[in-house]
Each structure stands twice: as structure tokens, then as C-alpha cells.
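Taken together, the values in this text are just the output of simple stated rules run on the coordinates, not laboratory data. Predicted model, so just to flag it, every value in this text is computed and none were measured. Here Cβ is always computed from backbone atoms with ideal geometry, including for glycine, and neighbour counts include all displayed protein chains.
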Amino acid sequence: MNFVSKLSWFFRERAAHYALAIGVLILVNLMAVIPPRIIGSVIDSIRTSTLTAEELGRTVLFLVGLSVFVYLLNLVWVNTLFGNSAVLESDLRSKLFRHLLRMTPSFFHRNRTGDLMALATNDVVAISQTAGFGVLTLVSTLVGTSIVLVTMVVFIDYKLMLAALIPLPFLAIAINVLGKRMRMRFMEAQASFGRMNDHAVESISGLRVLRSYVQESRDLHAFDQVTGNVMEMNRKVAVVNSLFQPVISTIVGVSYAIGIGYGSYLVFHTELTLGQLVSFNIYLGMLIWPMISFGEFINILQRGSASADRMYQSFAQKADVSESEKPLAVDLPISIEFEGLTFRYPNAASDSLSDVAFRLNRGQTLGIVGRTGSGKSTLLKQLLRQYPIEQNKLLLTGVPIERINLDKLKSWIGYVPQEHLLLSKSIRENIMLGMEGAPPERLDEAVTLASLREDIALMKEGLDTVIGEYGVMLSGGQKQRVSIARAVLADPEILILDDALSAVDARTEARILENIRRERAGKTTLIATHRLSAVSHADLILVFEDGRIAERGTHEQLMSQGGWYKEQVERQQMESSLMSELEKE
């Protein structure tokens with residue numbers, strides 16, 4: 001069975017718990033066939049006037065004691081079996097989250113956020129239900145049916161049993177047809193649920209943009225269409241699900257009719273006693289639950305299998321960048337060397353970087369400038385190992401970056417991206433995200449370096465101010481400075497600022513950069529920016545154009561060359577002067 005093979009690791013791990021639950025469940029089913037046998041005997045004793053008060057009292061006490069014993073057994077198997085289901089749900093969510101943490105950006109390009117949320121919610125629940133309630137229904141069907149049938153043959157009459165079970169083949173055919181349809185429709189429902197999640201995430205995160213363009217009504221209408229599709233898909237699932245019970249009840253009703261009719265005939269011809277007929281009908285009634293549970297099992301199994309397929313399709317996707325089989329030991333990044341690196345994003349039609357070559361020594365600052373889309377951010381991402389790159393084209397301390405342990409590499413780097421991810425927590429928790437337990441003086445230094453002290457002083461709760469989801473309570477410049485403080489708190493060997501000062505004014509930018517130069521003496525810094533004053537102090541400045549290095553040198557050297565860099569510096573200086581004059585007026 002496909003579902004069992006996918007979750008074999010869990011069933012092996014919890015084998016003892018499943019064995020206990022199934023063993024107790026079998027014992028409960030064995031105990032369940034005793035009362036009908038006793039009731040039949042009592043009825044026959046009443047009919048023959050041989051039942052005494054003492055015997056009736058002992059029988060009642062025995063049945064009460066048996067009920068209490070079965071109740072305790074039920075407590076054991078229910079807690080054990082459904083405890084396994086809860087453990088699986090927790091394990092799958094943890095496994096999925098660990099998988100997502102290992103994935104590179106290309107994985108999230110292929111998989112929508114809504115689908116991943118559906119995996120962590122609906123699909124995990126469907127799988128855990130199959131491993132819990134599904135196992136219950138399967139055991140009840142196989143064990144319960146077998147025990148009741150054997151009891152019917154041994155203690156009642158095999159001819160009556162065979163006659164009453166004539167409709168069962170039709171039950172198997174109906175459940176097979178409905179099961180296939182249930183699987184197909186459940187897969188469609190889960191996909192539509194993922195699309196709804198994706199739309200909700202996009203709408204909530206982009207709420208300000210929607211409001212600014214007065215698109216609330218249009219987005220609400222689009223969301224209504226998405227939710228309508230979810231409702232329709234789930235309605236189709238419910239329609240198929242609703243057919244299971246009537247089909248099973250109808251077939252069971254036919255079995256009852258055969259049992260009563262043919263059983264009465266046997267009693268009339270003294271081939272069966274009245275007590276045996278009553279016992280047989282009780283046993284036949286006991287077959288109703290296994291028959292219903294078999295339908296439920298097929299229903300749950302199809303849902304669980306569909307969800308397991310979706311889950312393991314995600315697990316089957318591997319990260320584009322993997323750990324080296326034989327990583328080389330590197331103590332510190334003494335140098336960074338690009339040796340003619342060419343890079344193309346997955347599925348892209350053209351190269352984003354072409355023949356990039358330069359060397360940066362430890363303690364130096366690199367400035368990266370150029371037009372929008374020229375390859376600045378792409379260059380920085382090569383150091384983050386987010387995508388596969390050419391072998392032996394990017395070296396740290398003379399060692400190819402693909403041969404360096406990933407965790408070691410990441411421990412060297414502090415990264416401030418263009419899009420700042422802030423958590424819905426306090427400023428303190430956001431800054432200390434990568435350095436929990438950092439001493440207060442170190443936190444204070446990071447806040448000062450990022451020029452955040454004055455802003456925090458104006459907040460009622462200071463560093464403990466909760467900034468809301470995605471830092472909604474902060475301005476763009478404050479978000480950038482919180483991200484910078486978070487990066488410098490760890491005092492990384494390599495600090496990467498990817499247009500990280502675009503939302504702050506020139507004076508604040510100059511103060512932050514001066515703090516970085518002073519505090520990070522001896523450490524490497526890479527700065528990509530559109531504001532050229534931010535890199536005028538750099539030891540090396542690279543001007544990118546269409547993924548290639550068009551100009552290189554120090555600020556003075558590039559100014560003397562009279563190229564694009566000089567034109568932009570003069571233009572930005574002129575704009576700055578005009579703004580200053582306007583402010584004075």
C-alpha cells in the first residue's frame with residue numbers, strides 16, 4: 001500500500017504502541033461476541049421455563065462486569081492509537097518545517113506559499129487521521145467481521161450466515177467506485193484550498209498597496225471567486241462522502257431482511273431456536289459497524305493517500321545547493337576572489353553575470369554600483385550560496401566556495417537584504433534574532449551603530465516595543481536600521497549591505513557608514529547601492545552594466561576616468577545641492 005510505504009518510518013518507530021492498541025482492540029472485539037451469545041441462551045431458557053432468579057442475577061452481574069472491563073480496554077486502545085496520530089501530526093509538521101528551512105529560493109519560486117500552508121494544515125491532519133482513525137476502521141473491519149462471522153458459523157448456522165452475506169460483493173464494488181472518485185475530488189479540493197491561502201497571504205501582505213490604488217472591492221470580488229471555488233470543490237467532496245453511508249445502509253438493510261426472513265423460516269422448521277435467531281440478528285447488527293467502518297476506511301485512506309502524495313512530492317524536491325561531500329577546513333575568509341564567474345538564474349533565458357573577476361582582501365570594503373537590474377544583488381547572492389554556481393570560480397581564502405561547509409560559511413556572513421524581514425515581536429527580539437543571549441552592552445553598541453538610539457528613545461516601551469507583522473509600526477528607514485543592527489550584532493567577518501540604506505536620509509547614511517568603518521576595522525564589507533556617496537570610501541568600486549564589470553577602481557580613479565560613475569556622482573551632488581537650497585528657502 002502506497003500510504004504505508006511512505007509512512008513506514010513512523011510505523012516502525014511506533015510499532016510497540018500500534019501492537020498494543022491493535023492487540024487490545026482485538027480483545028475488545030472478542031469480548032463483544034459474548035453478550036449476544038448469553039442473551040440468546042437466556043431467551044431459550046425463558047422459552048423453556050428453566051431460567052432461575054439466581055441464574056438471571058449472575059448473568060446480569062457478569063454482563064455489567066464485562067461492560068466495565070471492555071470500557072477500560074477501550075480507554076487503553078483509544079489513548080494509544082490516537083496518541084500515535086497526534087505524534088505523527090507533530091512529527092510531520094516538524095519534518096516539513098525542517099525541509100522548508102533547507103530549501104533554496106528556487107524551491108519557493110516553484111511552490112506557492114498557499115500550497116505550503118495547506119500542506120502544514122489540511123494535509124498533515126488528513127495523514128494523521130489515516131494513521132489513527134484509519135487504522136481503527138481497518139482493524140475493526142478485518143478483525144470485527146472475522147470474529148462475528150466465525151461466531152455465526154460455530155454457534156448459529158452457516159447457511160443463514162451465507163444467505164445474509166449475499167449483498168456484500170455489491171458493497172465492495174460500490175466502495176471501490178466511490179473511493180476512486182473521493183481521491184480525485186479531495187486532491188482538487190486541497191489544490192483549491194492552497195490557492196485560497198495564497199490569495200489571502202498576498203492580499204494581507206499587500207494591503208497598503210491595495211488601499212492606495214482603491215482596489216479593495218476588486219480584490220474582495222477576486223477572493224470571493226477563489227473561496228467560491230473552494231466551497232464548490234469541498235461540496236463535491238461532501239457529495240461523494242455522503243454516498244458512502246446510504247449505500248452501506250441499503251446493503252445492510254437487505255442483509256437484515258434476508259436474515260429475518262430466512263431465519264424465521266429455519267425457526268419455523270425447528271432448524272434454529274428463537275434464541276439463536278435473536279443472537280444472529282444481534283451479530284448481524286454488529287456487522288453494520290465493520291461495514292460502515294470499511295467505507296470510512298476507504299474514504300479516509302483516499303484522503304490520507306492524496307495528502308501523503310502531496311507531502312512527499314514536496315519532500316522529494318531537493319535544494320539546488322547541497323553540502324559538499326568532502327568539505328575543506330577554512331578558518332577565516334582571508335580573501336574573496338571571483339575568477340571569471342558567469343551565472344544564470346534557473347530557467348532564465350540569459351546570463352545575469354558574465355565573466356566577473358576581482359579580488360577583495362580581508363578588512364577591505366567593496367562598493368557595487370550600477371543601473372537597476374545590472375546584477376548588483378545577483379553578485380552578492382553568490383556569497384550566500386542560494387543558487388548553484390560554476391565550479392572553482394568563487395574562492396574564499398583560495399578554497400572554492402562549494403567546498404566550504406555551509407554552516408561555516410553562513411556563520412561568517414551578516415546579510416542585510418533590500419527586502420527586510422521583521423518578525424511581529426519587539427525591537428529587541430528582532431535585533432537579537434541571530435544572537436540570543438547577547439550581552440546588553442553589545443546590543444547597545446549595535447543600536448548605536450545603526451543610528452537607532454534616538455528613534456527608540458521616542459518609543460514608549462523602548463526596545464520592548466512590538467513592531468507588528470513585517471514591522472508595520474516602523475518607517476522604511478527604521479526597518480532598514482533594525483536590520484542593520486541585527487546584522488552587526490553578530491560582528492560577522494563579512495557584512496553584506498544590499499541597498500540597505502536607501503530609505504534613510506544622506507546625513508543618517510553617512511553616520512551609519514562612518515560607524516561601520518570604525519567598528520569593523522579589519523573585517524570585510526560589501527555594499528551595493530544606488531547612492532554613490534555610500535561607497536566613496538570603498539577600497540574597490542565595481543560599476544556593473546548588464547551583468548558585466550564596466551568600470552572598476554577607487555572613487556578617485558573612477559572620477560578621473562570620466563565614465564558613468566563620474567556622471568552619476570555629479571548628478572547626485574547637483575540634486576543634493578538643489579534639495580539643500582530648497583530646504584533653506
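What to note about this one:
- Shown for 376, 566: other C-beta atoms within 10 Å of each C-beta, ranked fewest to most, produce the order 566, 376.
- Taking the fewest neighbouring Cβ atoms within 10 Å as the starting point, the ordered list for 498, 157, 224 is 224, 157, 498.
- Shown is the FRET efficiency for residue 326 and residue 386, computed with R0 = 25 Å from the Cβ-Cβ distance and rounded to the nearest 0.05: 0.70.
- Stretching residue 424 away from residue 491 to a fully extended chain increases their span by 21.7 nm, per 0.36 nm per residue minus the current alpha-carbon distance.
- Rounded if a/c under 1.5, otherwise prolate or oblate - the stretch 28-182, Cα gyration tensor axes: oblate
- Percent RCO, i.e. relative contact order, over the chain, from Cα pairs under 8 Å lying at least 6 residues apart: 14
- Sequence-ordered 3J(HN,Hα) estimates for the stretch 492-498 from the Karplus curve with 6.51, -1.76 and 1.60 and θ = phi - 60° stand at x, 5, 10, 9, 10, 10, 9 Hz, glycine and proline given as x.
- Anisotropy class of the stretch 470-512 from Cα gyration tensor, a/c 1.5 cut: oblate
- Inter-label distance for residue 274 and residue 212, nm, one decimal - labels placed 7 Å from Cα along Cα-to-Cβ: 8.7
- Among beta bridges that DSSP assigns inside the chain, antiparallel share in %, nearest 5: 50
- Each label was represented as a point 7 Å from its Cα along the Cα-to-Cβ direction; for residue 200 and residue 97 these points are 1.9 nm apart.
- Nearest 10 degrees, 0 to 90: helix 274-315 Cα axis against the chain principal axis: 10
- Around the Cα centre of the stretch 324-429, unit charges on the Cβ atoms of Lys, Arg, Asp and Glu (plus for the first two, minus for the last two) sum to a dipole of about 260 debye.
- With neighbours defined as other Cβ atoms within 10 Å of a residue's Cβ, the residues 555, 17, 221 order from fewest to most as 221, 17, 555.
- Taking θ as phi - 60° and the Karplus parameters 6.51, -1.76 and 1.60, the scalar couplings of the stretch 235-252 work out to 5, 5, 4, 5, 4, 5, 4, 5, 7, 4, 4, x, 4, 5, 4, 5, 5, 5 Hz in sequence order, x denoting glycine and proline.
- Helix-derived mean residue ellipticity, 222 nm - over the chain, DSSP H n ≥ 4, -39500 (n - 2.57), to 500: -20000 deg cm²/dmol
- Gain on full extension, evaluated as 0.36 nm per residue between residue 220 and residue 572 minus their Cα-Cα distance, stands at 122.4 nm.
- In this label model, residue 55 and residue 469 are separated by 7.3 nm, measuring between points 7 Å along each Cα→Cβ vector.
- With the cut-off at under 14 Å, measuring from each backbone N in the stretch 385-422 to a point 7 Å along the Cα-to-Cβ line of residue 334 picks out 396-400.
- Simple Cβ-charge dipole of the chain, Lys/Arg +1 and Asp/Glu -1, about Cα centre, in debye nearest 20: 1320
- Our Cα-only numbers for the chain put the radius of gyration and Dmax at 35.8, 123 Å.
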